[in-house]
Amino acid sequence: MNNNAITIQKLSKYYKDFQIENFNLELPSGSIMGLIGENGAGKTTLIKLILNMIKKDNGTITVLGKDSQKELTSVKDDIGVVLDEPCIPEYLKAKEINKIMKNIFTHWNEKTFLGYLQKLKVPENKTFKEFSKGMKMKLGLAIALSHNPKLLILDEATNGLDPVMRDEVNDIFMEFTRNADHSILVSSHIVSDLDKICDYIAFMHNGELMLCDEKDLLIEKYGVINCTKDELNRLDSSAIVGKKKTPYGINVLMERRNIPQGLKVSAVDVEDLFIFMVKED
């Protein structure tokens, strides 16, 4: 039995100047996956494909066991979504949104919603138009979490939040996935946040999935060595994952198993991995 919250197989989407081709990804149930990539990498396009907001050209996408193109409406109650630009009418206040959501989601919980408004410090009597970017995102999160979802799909959901509130939201995410049936796919430019909360990391670059694995395994698998140009030339070039020049030599990212004995190896974090893989000097 497939125990994935999301399964993507051989997905393709073609635009004139951009494409996602033969893309495969699995989000295991009960886990948090961070989707990392620079602007234009394809993160938002992928999320819209998963939600059937845009049509794929080839491949299959399964969400909570349902075909995203044909059956997604049957599990809409089980999916909480926050996009980079929440689609909420500007004239509505939080209290009025509560009344509307009662008629949209079968399992809408007013008490939970009002609790999140308080926890996230969202004013109940201001219109959406009056909200700052960060306040809009917090309202979107409160809505997404208040109808008993099994899966959260979040596109830059902490965008505009200060560090203290981001930490609070990250705690909410980790608490959410204590339930083994709950899963999160979250894209973010704030790689340090994903490093704290994610079980899996997926790197996107130019529409391609460069790497996807358990975060802890990635950290164990790779290391950085500092070397001179001559030392670099003596390394097996096929084993080099990425490199960048510094005032103190050249930092080289490699799988630890390929690093010659005797060289000092420094640990990497998720942000290091991302920078090395997409930005070479």
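What the table below lists for this structure:
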item	result
Hits among lysines - C-alpha to C-alpha of K245 under 30 Å, sequence gap 8 or more where chains match	K43, K196, K215, K221, K229, K264, K279
Whole-Hz couplings from phi, Karplus 6.51/-1.76/1.60, listed for the range 240-245; x for Gly and Pro	7, 8, x, 8, 8, 7
Contour minus Cα-Cα distance for V164 and Y91 (0.36 nm per residue)	23.4 nm
Charge dipole (debye, nearest 20) of the range 218-278; +1 at Cβ of Lys and Arg, -1 at Cβ of Asp and Glu	180 debye
Mean ellipticity per residue at 222 nm, deg cm²/dmol - from DSSP H runs of n ≥ 4 across the chain, formula -39500 (n - 2.57)	-8500 deg cm²/dmol
Cα-centred dipole magnitude for the chain, charges only on beta-carbon of K, R (+1) and D, E (-1), debye, nearest 20	600 debye
5 angstrom amide H check on A5, placed H, neighbours 5+ away	L27, S29
Loop GluC sites (Glu not before Pro), the range 177-281, which have at most 13 other Cβ atoms in a 10 Å radius of their Cβ (DSSP)	E280
Cut-off 14 Å, label 7 Å out along Cα→Cβ of A180, residues of the range 72-104 by amide N	none
3J(HN,Hα) from dihedral phi, the range 95-100, Karplus parametrisation 6.51/-1.76/1.60, rounded to Hz, x for glycine, proline	5, 6, 4, 4, 5, 5
Per-residue ³J(HN,Hα) for the range 119-131, Karplus 6.51 cos²θ - 1.76 cosθ + 1.60, θ = phi - 60°, Hz, x for Gly and Pro	4, 8, 6, 9, x, 7, 10, 9, 6, 4, 4, 7, 6
Cα centroid separation, the range 153-225 to the range 47-113 (Å)	21 Å
For the chain: relative contact order, % (alpha-carbon pairs under 8 angstrom, 6 or more apart)	21 percent
I100 versus L263: modelled label distance in nm, points set 7 Å from Cα along the beta carbon direction	5.7 nm
When the chain is reduced to its Cα atoms, the Kirkwood hydrodynamic radius in Å	20.4 Å
P(r) weight above 24 Å for the range 125-281, C-alpha pairs, percent	47 percent
Separation of the D17 and K111 label points, Cα + 7 Å toward Cβ, nm	5.3 nm
For the range 218-278, alpha-carbon Rg relative to the globular expectation (2.2 N^0.38 Å, N residues)	1.00
Aspartates and glutamates whose Cα lies under 14 Å from that of K95, excluding same-chain neighbours fewer than 8 positions away	E110, E124
Cβ-Cβ FRET estimate between K133 and E214, R0 fixed at 35 Å, reported to 0.05	0.60
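Laboratory data are not the source of any read-out in this text; all were calculated from the coordinates shown. Since this is a predicted model, take the numbers as computed values, not measurements. Reconstructed Cβ throughout: ideal geometry from the backbone, glycine too, with neighbour counts over all protein chains shown.
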